[in-house]
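Structure first, commentary second.
The values are calculated or read from the model by the stated rules, or taken from the named source; none is laboratory data. This one's a predicted model, so the numbers in the text were calculated from it and none came from an experiment. Neighbour counts are summed over all protein chains in view; Cβ atoms, including those assigned to glycine, are modelled from backbone coordinates with ideal geometry. Calculation scope for accessible area: heavy atoms of the full protein, side chains included, ligands and nucleic acids excluded. Shrake-Rupley method; radii C 1.70, N 1.55, O 1.52, S 1.80 Å.
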Amino acid sequence: MSDGLKTAETSESIEAPRPSNFIRDIIIQDNQTGKFGGKVHTRFPPEPNGYLHIGHAKSICLNFGLARDFNGKCNLRFDDTNPCKEEQEYVDSIMEDVRWLGFDWEDRLFFASDYFDQLYEWAIQLIKAGKAYVCDLTAEEVRATRGTLTEPGKESPYRNRSIEENLELFERMRKGEFPDGSRTLRTKIDMASPNFNMRDPVMYRILHAEHHRTGDKWCIYPMYDYTHGESDSIEGITHSICTLEFEDHRPLYDWYVENLGIHHPQQIEFDRLNLTNTVLSKRKLLKLVTGGFVSGWDDPRMPTLCGFRRRGYTPEAIRNFCAGIGVSKTNGIIEFALLEHHLREDLNKHALRVMAVLDPVKVIIDNYPDGQVEEMEAINNPEDASAGTRKVPFSKVLYIERDDFREDPPKQYYRLSPGKEVRLRYAYFITCTGVVKDESGEVTEIHCTYDPATHGGNTPDGRKVKSTIHWVSAAHALDAEVRLYDTLFLPEDQRPDEDADSDLTSGLNPNSLVRKTARVEPSVLGAAPLTKYQFERVGYFCADKDSTPEKMVFNRTVPLRDTWAKIEKKAEKKSK
RNA sequence: UGGGACGUCGUCUAAUGGUAAGACUGCAGACUCUGGAUCUGCGUAUCGGGGUUCGAGUCCCUGCGUCCCAGCCA
């Protein structure tokens with residue numbers, strides 16, 4: 001069956017097969033009927049008024065992915081019709097993020113503003129056809145005459161101006177003879193339509209504002225509805241994929257290309273991404289940045305692509321996530337855990353293992369020679385033999401994780417405790433012989449003995465130990481700042497995006513960022529920003545852009561799954 | 001209460017008139033020099049009511065629920 005998908009000849013790629021979805025079905029059908037001559041041409045059309053977030057990633061993967069899978073093309077087009085909100089900074093960041101995600105628009109970088117001249121010509125064409133008119137009503141008056149959900153609107157008193165007068169007025173609008181908001185060019189359709197978008201929608205508004213690309217060439221700017229379909233048409237787009245809220249706009253989209261008599265792409269709507277405990281609305285993200293609630297668009301707690309990148313997420317993980325969630329028209333919400341699943345899956349395969357202690361307590365190995373240092377061989381990535389091994393210094397005084405020792409161990413706890421033996425990863429078996437405490441009762445030193453025969457962590461007598469813990473040599477470890485992230489919003493609020501005008505600030509998690517000084521094995525010294533590690537038994541970390549050889553800084557990308565924490569939590573619940 | 005769309009495990013997606021499947025989550029276990037990874041097992045779903053049909057998640061009727069629309073934003 002020829003369904004337009006890559007055939008054996010072109011699909012040598014090892015990428016997982018993509019599940020079908022209703023949009024692929026439409027394309028397959030279009031290819032069979034020859035609707036677009038078998039061509040598939042999509043576009044990703046961001047407005048440059050903010051940074052891209054994970055929701056955009058879904059659209060990017062969809063549009064570029066469809067083009068790739070059906071041997072088509074995908075354009076990058078900036079929908080820059082509103083000079084008041086759009087900036088070059090956003091254009092630059094969007095291009096960087098699309099590339100980082102792994103997609104390439106080749107030579108097809110476009111701007112809706114590239115089409116302003118053509119759009120203007122077409123507007124004149126519609127005026128001449130008696131299908132558009134200049135309206136002198138103010139914004140308030142237009143609103144007042146638009147009607148309601150159940151009542152039709154009223155026709156504008158200017159609706160039946162002569163074509164000549166409309167032409168002249170529109171020309172004078174363009175020349176800048178009228179102040180902002182004093183007039184609009186409106187499409188003459190139907191003020192009684194049950195669809196508001198058809199009640200004589202505005203095509204052009206007067207805006208004496210400098211545009212980031214066209215400068216002061218224009219003081220009238222086309223509206224989204226008048227611009228989008230024509231831009232698609234100009235670029236030869238076949239399938240114009242957008243989110244559900246534009247469903248009501250489709251009749252207008254169709255109206256413009258039909259009445260202009262130009263190529264008619266097919267608009268298809270899909271469900272936008274919602275993620276639990278995450279805010280994706282542009283307005284709210286902007287507020288988080290401008291309100292100083294985060295350090296910027298790339299704050300590692302932000303769901304922006306640059307935020308995820310800085311946090312240590314990989315493009316592969318995000319792409320796999322987008323492929324995994326599917327595409328439909330159901331308005332749902334994806335659990336954040338699914339994103340983390342794909343993240344861990346990728347990081348597990350690629351991140352270098354290293355030992356770091358986040359909450360250190362001193363261990364002294366009483367029978368280990370003073371001043372002796374041994375280089376222990378450690379595996380860099382058990383999932384990837386080609387990553388090789390490294391040497392980690394070992395000595396008499398070490399740090400281990402405070403949580404890896406219990407003076408009074410609960411049931412099922414099999415790490416270090418008095419009289420118990422554990423393995424120090426890649427080093428020796430040690431047995432706890434006693435502790436030293438301060439006045440407050442906190443353990444300050446754990447004393448142990450080691451078994452010299454267990455060098456490297458192996459036993460000649462084959463004896464087993466229940467637990468292997470990580471460590472660093474006190475004299476050799478680096479002090480590094482680690483930034484531990486939790487959700488930006490209170491964990492119990494699964495839908496912080498739901499309420500359009502929620503306060504935001506009251507729902508913020510005060511513990512979303514915790515800084516600590518960790519002790520890290522020396523091999524990480526000088527790691528470049530974005531270098532990814534697994535701090536063994538703790539989590540995945542990534543060197544931050546603030547990191548320097550003098551002061552290393554690591555972001556916790558995501559913790560490792562912690563089975564013990566679960567067991568303990570359950571036991572706690574039980575005892576209550 | 002006008003119009004547009006959508007209702008399948010806790011979550012997301014599939015099944016295109018013919019055994020309701022997969023992933024994530026959860027639970028139980030195996031294994032392990034990471035309580036990581038891996039492996040095994042378990043569990044839960046067709047919004048309700050009618051109808052058509054040998055057979056309905058799928059088609060028809062009807063009810064209910066959810067989302068979107070009254071920007072000179074996109």
Inset, instruction - Sort by residue number and report every cysteine in chain A with no other cysteine beta carbon within a distance under 4.7 Å. - result: A:C74, A:C84, A:C135, A:C219, A:C242, A:C306, A:C432, A:C448, A:C542
Inset, instruction - Keeping all protein chains in position, work out how much accessible area A:T433 exposes to a 1.4 Å probe, and write it in Å² to the nearest 10. - result: 80
Legend entry - Mean residue ellipticity (222 nm) of chain A, computed from DSSP H runs ≥ 4 via -39,500 (n - 2.57), nearest 500: -8000 deg cm²/dmol
Legend entry - Where labels lie 7 Å past Cα in the beta-carbon direction, separation of A:K573 and A:S502 in nm: 2.4
Inset, instruction - Excluding residues fewer than 8 places away in the same chain, name every one of the aspartates and glutamates whose C-alpha is closer than 20 Å to that of A:K437. - result: A:D359, A:D366, A:E401, A:D403, A:D404, A:E407, A:D408, A:E445
Inset, instruction - Kindly state, to the nearest 0.05, the FRET efficiency for A:Q32 paired with A:V397, given R0 = 56 Å and r defined as their beta-carbon distance. - result: 0.15
Legend entry - Under-5 Å amide H pairs with A:T243, H placed in peptide plane, nonlocal only: A:F270
Legend entry - Separation of the A:E210 and A:E106 label points, Cα + 7 Å toward Cβ, nm: 3.7
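Normalised radius of gyration for region A:175-331, please: alpha carbon Rg relative to 2.2 N^0.38 Å, two decimal places. Don't jump to the answer; show the numbers that get you there.
Details: Rg = 19.7 Å, N = 157, 2.2 N^0.38 = 15.0 Å.
Compactness ratio reported: 1.31.
For a 18 Å ceiling on Cα separation, which of these pairs sit above it: A:K362/A:K396; A:K287/A:K329; A:K349/A:K532? Can you show the working numbers first?
Details: A:K362/A:K396 10 Å; A:K287/A:K329 29 Å; A:K349/A:K532 11 Å.
Long pairs (Cα-Cα over 18 Å): A:K287/A:K329.
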Inset, instruction - Under a cut-off of 22 Å between alpha-carbon atoms, report the lysines in cross-link reach of A:K35, not counting same-chain residues fewer than 8 places apart. - result: A:K6, A:K73
Inset, instruction - Would you mind classifying region A:319-476 by shape? Square roots of the alpha carbon gyration tensor eigenvalues, ordered a ≥ b ≥ c; an a/c under 1.5 is rounded, otherwise it is prolate if a/b is larger than b/c and oblate if not. - result: prolate
Legend entry - Spin-label proximity, A:T138 to region A:174-195 - amide N less than 12 Å from point 7 Å beyond Cα toward beta carbon: A:181-183
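How much of the DSSP bridge set in chain A is antiparallel, in percent, rounded to the nearest 5?
On the way: 55 of 82 bridges.
Of the beta bridges lying entirely in chain A, close to 65 percent run antiparallel.
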Inset, instruction - Using only the alpha-carbon atoms of region A:423-522, report the extent along each of the three principal axes, biggest first, to the nearest angstrom. - result: 66, 36, 26
Legend entry - HN-Hα J in Hz across region A:326-335 - Karplus 6.51, -1.76, 1.60, θ = phi - 60°, x for Gly and Pro: x, 9, 8, 10, 7, 7, x, 9, 8, 6
Inset, instruction - Could you state how much accessible area A:K420 has, in square angstrom rounded to the nearest 10, with a 1.4 Å probe and all protein chains kept in place? - result: 100
Inset, instruction - Find the Cα radius of gyration of chain A, compare it with 2.2 N^0.38 Å by division, and give the number to two decimals. - result: 1.25
Legend entry - For region A:232-264 and region A:163-193, distance of Cα centres in Å: 23
Legend entry - Candidate lysines for bridging to A:K282, where Cα separation is under 17 Å - those fewer than 8 sequence places away on the same chain excluded: A:K58, A:K85
